[in-house]
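The values are calculated or read from the model by the stated rules, or taken from the named source; none is laboratory data. Because the structure is a prediction, the values reported are computed rather than measured. Methodologically, a virtual Cβ is constructed for each residue, glycine included, from the backbone with ideal geometry; neighbour enumeration extends over all protein chains shown. The area values use the complete protein model at the heavy-atom level, side chains included, leaving out ligands, DNA and RNA. Shrake-Rupley method; radii C 1.70, N 1.55, O 1.52, S 1.80 Å.
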Amino acid sequence: MVNLMLAGNKLSGRVPSELKSLIDLAYLDLSANEFNDSIPSFLGDFLELHYLNLSHNKFGQIPSNISKMQSLEILNISHNNLSGFIPTSMEDMHGLAYIDISYNHLEGPIPNIKAFQTASREALRGNKEISFSILKFDGKSMFEEIMRATENFDPTYCIGQGEQGSVYKATLSNGDTVAMKKLHLLCADDENFQKEFVNEIRALTEMRHRNIVKLYGFCSHRRHSFLVYEYLEKGSLAAVLSKDEEAKELGWSKRVTIVKGVAHALCYMHHDCLPPIVHRDISSKNILLNSEYGGCVSDFGTAKFLNPDSANWTALAGTYGYVAPELAYTMEVNEKCDVFSFGVLALEIVMGRHPGDLLSSLSSGSSSASSSTALLVHPMLVVDVLDQRISPPTHQVTEEVLSLMKIAFACVNSCSLFRPTMKHVSQQFESLQRLHLSKSSDTL
C-alpha cells in the first residue's frame with residue numbers, strides 16, 4: 001500500500017496525471033495547495049484508496065466517477081470552489097464513513113447514504129442550497145416549492161411555535177401536504193442548536209416505524225434552515241386533550257391504541273436500533289395524531305444515541321413533569337428515563353390531564369408503589385381518576401384500561417431498577433391483545 005502526503009505546499013495547476021501509476025494508493029493528502037480545475041476523474045481508479053483529503057484548494061467540479069472508490073472511508077473536499085449539484089452516483093459509496101463538503105458553492109440534494117446523513121452541520125455549511133431529496137422533488141426544486149407553498153414563510157401558514165422554531169403547513173404542487181419546522185435564525189449559530197438539528201436528522205433518517213413521524217428531508221441554508229415531515233392532521237396530543245370537544249372525540253379504544261403505539265415505538269428505539277436511541281422528551285406535546293387519531297412520536301432534537309461501552313452522561317433535557325426523578329441528582333441517561341416519561345404520558349391519556357397530584361401521592365406515600373398501585377387500579381377507585389369528559393369504558397375496553405394503568409404505574413416507579421423495559425411493556429400489550437382476540441372469538 002502507498003501513502004502520499006503533499007499537504008501544505010504551493011502546488012498549483014492540475015493534479016499531475018503521473019499519479020495514475022500509483023494504483024495501490026491507500027492514503028492521499030493534497031490539502032492546502034493551489035490545485036485548480038476539476039477534481040481529476042482518474043482518482044476513481046484508485047480502488048484501494050481509503051483516505052482522500054483535497055481541502056483548501058481551488059477545485060471546481062466533482063467527477064461522477066468518484067463513486068468508483070468503493071474502499072474510500074474518509075473524504076474531505078471542503079474549502080474549494082466546487083459548484084453545481086453533488087453527483088447522485090455518490091449514493092453508491094456505502095463504505096464512506098466521514099464527509100466534509102463545507103465552504104463550497106454546492107447545491108441540490110444530498111446523497112442518501114450514512115456519511116451525509118450523520119455529517120455535522122459544520123461539515124455541510126457554507127454552500128448554496130443543499131437538502132435531502134423529498135418525495136418526487138430534488139433538493140433545489142423542493143426548496144423553491146417550500147418557498148412558493150408558504151409564500152416565503154408567511155405567518156398565515158404557521159400552525160405552531162416553539163422555543164427554537166415555528167411549524168408551517170404546506171401543500172405542494174403534486175398535492176402532497178407536509179409540515180415544516182423552520183428554525184429561528186437567532187439560534188442558527190448556537191452550538192446546542194446545531195447539535196439538536198443534526199441529532200434530529202440523524203435519528204429520523206435511521207428509524208423506520210409506523211409510530212415515529214417520518215422525516216422527508218431538510219434544508220441547511222444560511223437564510224432558511226428547516227426540517228420537512230409528514231403532515232399529521234390532528235396535531236399534538238397535548239392540544240387535543242386541552243380542548244373539551246376534541247378530547248371527547250378521543251374515545252377509550254383510541255386512547256389505548258395511542259398508548260400501545262408509543263410503547264411499540266419506544267421498544268423499537270431502545271431494543272431494535274443500533275446504537276439504542278433514548279428520546280429524552282416523551283410528553284403529550286411530542287405525540288402527533290393522524291386523521292385516525294393514531295399516535296406518532298416526534299421531536300428528536302434531544303435524542304441520545306447510547307454508547308453501550310461506556311456511561312452515558314448528558315445535560316438535563318426533557319419537559320417538566322415528565323422527567324425521571326433520578327435525573328435530579330445524576331446526569332446518566334438510559335432507557336429507563338424514557339420508561340418513566342412513558343408512564344406519565346399513559347396516565348395523562350387516561351386521565352385527560354397531567355397526573356401531577358397522583359404522582360406526588362405515590363412518591364410521598366409510606367407504602368410501596370406496588371401496594372399503592374393495587375389500590376388505585378381497583379375498579380371502584382379507578383373511575384375517579386379517569387377522564388370525566390367521556391363515558392366510562394365498558395366490557396373489554398375496561399380490562400384494557402385497567403391493564404394499561406397497571407403498566408403505567410409500574411413505569412413511574414421512583415426506582416429505575418424496578419421499572420420494566422419498553423420491550424417488556426410492548427410484549428405485555430401484545431399479550432393483552434391476543435387474550436382479548438381469543439375471548440372475542442370464544443363468544444362468536
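Things worth noting here:
- The criterion of at least 3 residues that are modelled with pLDDT of 90 or more, β-branched (Val, Ile, Thr) and surrounded by 21 or more Cβ atoms within 10 Å (Cβ to Cβ) is met, among helices (runs of 4 or more DSSP H) falling completely within the range 335-444, by 335-351.
- Among the candidates ASN104, ASN80, ASN65, ASN76, residue that is farther than 24 Å from PHE218 by Cα and polar (S, T, N, Q): ASN65
- Any hit, the range 11-25, residues being open to solvent by 70 Å² or more (accessible area, probe 1.4 Å) and at pLDDT 90 or above: yes
- In the range 162-176, the residue that is nearest to GLU144 (Cα to Cα) out of those that are out of contact with any helix residue (DSSP H, G or I) (no Cβ under 8 Å at 6 or more places or on another chain) and surrounded by 12 or more Cβ atoms within 10 Å (Cβ to Cβ) is ASP176.
- Subset of the range 177-210 that is among the acidic types (Asp, Glu) and at pLDDT 65 or above - its residue that is nearest to ALA149 (Cα to Cα): GLU200
- Some residue of the range 86-107 being open to solvent by less than 10 Å² (accessible area, probe 1.4 Å) and of a type in the set (Gly, Ala, Ser): yes
- Qualifying positions in the range 32-58 - under 11 Å from LEU72 (Cα atoms) and small (Gly, Ala, Ser): GLY44
- Residue within the range 36-45 that is open to solvent by 40 Å² or more (accessible area, probe 1.4 Å) and β-branched (Val, Ile, Thr) present: no
- Qualifying residue in the range 135-146 (condition: hydrophobic (A, V, I, L, M, F, W, C), modelled with pLDDT under 85, open to solvent by 10 Å² or more (accessible area, probe 1.4 Å) and in a helix (DSSP H, G or I)): yes
- Every condition in (1) within 29 Å of ILE23 (Cβ to Cβ); (2) outside any strand (DSSP E or B); (3) of a type outside the set (Lys, Arg) holds for ILE99 except the one numbered (2).
- Residue match in the range 108-116 (condition: on the phi < 0 side of the Ramachandran plot, open to solvent by 70 Å² or more (accessible area, probe 1.4 Å) and either modelled with pLDDT under 80 or in a loop (DSSP other than H, G, I, E, B) (or both)): yes
- Strands (runs of 3 or more DSSP E) contained entirely in the range 208-294, each with at least 1 residues that are of a type in the set (Asp, Glu): 226-230
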